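Working notes, structure below.
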Number of protein chains: 2
Amino acid sequence: MTELRQVRVQEQLLKVNDFLARQLKDSWTAQGSFVINLLSSPGSGKTSLLEATLPRLQAVHQVLVLEGDIETDLDARRIRGAGGQALQLTTGGTCHLEAHMLQQAWELLLKERGGPPAFDFVFIENIGNLVCPASYDLGEHLRVVLLSVPEGEDKPPKYPKAFHSADVVLITKVDVLPHFDFRVEEATRLARELNPRVEVLQLSARTGQGLDAWIDQLVSRREATLGRR
Amino acid sequence: MTELRQVRVQEQLLKVNDFLARQLKDSWTAQGSFVINLLSSPGSGKTSLLEATLPRLQAVHQVLVLEGDIETDLDARRIRGAGGQALQLTTGGTCHLEAHMLQQAWELLLKERGGPPAFDFVFIENIGNLVCPASYDLGEHLRVVLLSVPEGEDKPPKYPKAFHSADVVLITKVDVLPHFDFRVEEATRLARELNPRVEVLQLSARTGQGLDAWIDQLVSRREATLGRR
């Protein structure tokens with residue numbers, strides 16, 4: 001019985017979340033901000049990906065990172081250390097970000113800057129968790145799920161919601177492929193079994209391998225979604 | 001407002017869970033079963049740890065694995081492939097195991113075997129998630145949190161509940177230390193900052209490094225908790 005009650009409250013909350021997510025998406029689209037939601041297990045390399053991405057993307061574009069963490073602002077500091085702009089969102093225990101948290105963050109930014117902030121790209125680094133964040137639409141234009149080589153190729157069927165809802169699966173830390181039993185083809189096949197049209201890219205933030213293709217993907221997806229501006 | 005409601009239902013559920021967990025612990029203690037709850041991110045090596053542990057422990061002891069997964073029975077099959085006995089618990093979306101799920105599983109076993117099953121060690125492989133499972137006592141005697149080298153040394157302060165509630169932190173995949181920027185001393189310091197008395201062990205399921213100390217730890221903790229039987 002207690003379970004059923006939880007499910008009902010959960011369903012209600014998801015409806016509220018979806019409503020707020022649509023509002024967010026509309027306002028981001030109107031402001032020309034292309035928003036990317038990064039999902040993965042802890043330690044799959046979301047922050048390292050951003051540290052490698054920012055210098056390249058910021059050469060031409062305005063970029064913001066919204067850093068989701070349960071505790072600490074370690075990741076926001078890493079982003080600022082890489083020359084990026086970051087706003088820290090600390091959930092204090094909650095295992096995922098929700099649309100209302102993003103809305104609060106965005107209102108704070110509007111207030112601080114006295115008008116809509118003109119960011120071409122906004123990255124949301126979600127809580128490190130391959131389960132819960134998959135259920136919460138944050139109004140993003142693109143959902144990217146990172147799967148790092150050390151985690152193993154069997155993750156898509158074991159965490160189906162995340163991989164099913166992904167637009168792009170990014171296989172990270174490919175520089176350590178020689179040291180792990182991980183077949184990129186098998187991981188790709190398992191991801192596509194759940195999600196036939198998903199784009200699968202390989203990347204190493206450490207060596208830079210795959211970074212060009214990733215940046216191209218972001219820029220072309222932004223143009224396809226928001227038009228050339 | 002919706003948030004407050006969620007918190008209240010959550011608190012109620014946690015109280016029910018703690019009540020059931022105490023019942024479970026009492027019956028496991030009475031039956032001589034030492035129960036270990038394994039917590040970690042996806043892909044930190046929980047199943048590989050068990051595959052390496054079972055042959056050693058089963059030489060002398062009766063062992064059971066309760067396999068928690070959101071979907072699939074891939075891990076239970078791996079355990080059976082390693083000569084172990086496994087019961088699969090599939091949550092169908094829930095991001096953690098709860099005491100009532102364990103109680104159902106245990107009743108099923110009692111029924112099948114026509115009496116209390118005589119296992120010296122019962123391993124619970126929790127859902128791959130470093131956040132939610134930390135809040136749910138399953139009646140275990142020992143809570144072990146795995147932190148794999150590729151995840152990075154900064155995880156304890158970022159996922160404090162798991163590390164705070166751990167009896168043992170197991171640093172896994174230490175065979176790949178040369179390929180990652182991971183300082184064991186720093187990870188240990190960060191874990192002990194949250195939890196001064198936590199035991200920190202290093203292990204590689206692939207090479208067998210640290211396996212003796214891990215097995216010794218299990219056997220001596222069982223004796224200290226349940227007495228020599």
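The values are calculated or read from the model by the stated rules, or taken from the named source; none is laboratory data. Everything numeric in this text was worked out from a predicted model, so none of it was measured. Cβ coordinates were reconstructed from backbone atoms using ideal geometry, including for glycine residues, and neighbour counts include every protein chain displayed.
Scan segment B:47-74 for residues that are assigned to a helix (DSSP H, G or I) and within 26 Å of B:Gly93 (Cβ to Cβ) and the total you get is 5.
Taking first residues from segment B:18-31 that are farther than 12 Å from B:Leu102 by Cα and partners that are at pLDDT 95 or above and among the acidic types (Asp, Glu), the Cβ contacts under 7 Å between residues at least 6 apart in sequence or on separate chains come to B:Asp18/B:Asp137.
Would you confirm, using the coordinates I've provided, whether B:Ala187 is within 14 Å of chain A (Cβ to nearest Cβ), surrounded by 20 or more Cβ atoms within 10 Å (Cβ to Cβ), over 24 Å from A:Lys173 (Cβ atoms) and in contact (Cβ under 8 Å) with a residue 24 or more places away in the chain? No. The number of residues in segment B:108-137 being in contact with a Pro (Cβ under 7 Å, 6 or more places away or on another chain) and crowded, with 20+ Cβ neighbours inside 10 Å comes to 4.
Of the listed requirements (1) within 14 Å of chain A (Cβ to nearest Cβ); (2) closer than 30 Å to A:Glu11 by Cα, B:Arg78 misses just one: (2).
The C-beta contact set for segment A:40-62 (first residue hydroxyl-bearing (Ser, Thr, Tyr), second residue buried (at least 20 other Cβ atoms within 10 Å of the Cβ) and in a loop (DSSP other than H, G, I, E, B), distance under 7 angstrom, 6+ apart or interchain) comprises A:Ser40/A:Gly128; A:Ser40/A:Leu130; A:Ser41/A:Gly128; A:Ser41/A:Leu130; A:Ser41/B:Ser41; A:Ser41/B:Pro42; A:Ser41/B:Gly43; A:Ser48/A:Ala205. Screening B:Asp26 with (1) under 13 Å from B:Ile127 (Cα atoms); (2) loosely packed, with under 14 Cβ neighbours inside 10 Å gives one miss only, at (1). Just so you know, in segment A:20-46 the residues that are of a type in the set (A, V, I, L, M) and assigned to a helix (DSSP H, G or I) include one that is farthest from the chain's Cα centre (by Cα), and it is A:Ala30. On inspection, B:Asp73 fails the criterion of being away from chain A (no Cβ under 11 Å) and acidic (Asp, Glu). Looking for something at pLDDT 95 or above and in contact with a helix residue (DSSP H, G or I) (Cβ under 7 Å, 6 or more places away or on another chain) - is there at least one such residue anywhere in segment A:110-117? Checked segment A:110-117: no residue is at pLDDT 95 or above and in contact with a helix residue (DSSP H, G or I) (Cβ under 7 Å, 6 or more places away or on another chain). Take the conditions free of Cβ contacts under 8 Å to residues at least 60 places away in the same chain and surrounded by 12 or more Cβ atoms within 10 Å (Cβ to Cβ) and apply them to A:Leu218. Does it pass? In short, no.
Report, by residue number, each residue of segment B:8-23 that is surrounded by fewer than 18 Cβ atoms within 10 Å (Cβ to Cβ), within 14 Å of chain A (Cβ to nearest Cβ) and under 14 Å from B:Tyr136 (Cβ atoms). Across segment B:8-23, the qualifying residues are B:Gln10, B:Glu11, B:Gln12, B:Leu14, B:Lys15, B:Val16, B:Asp18, B:Phe19.
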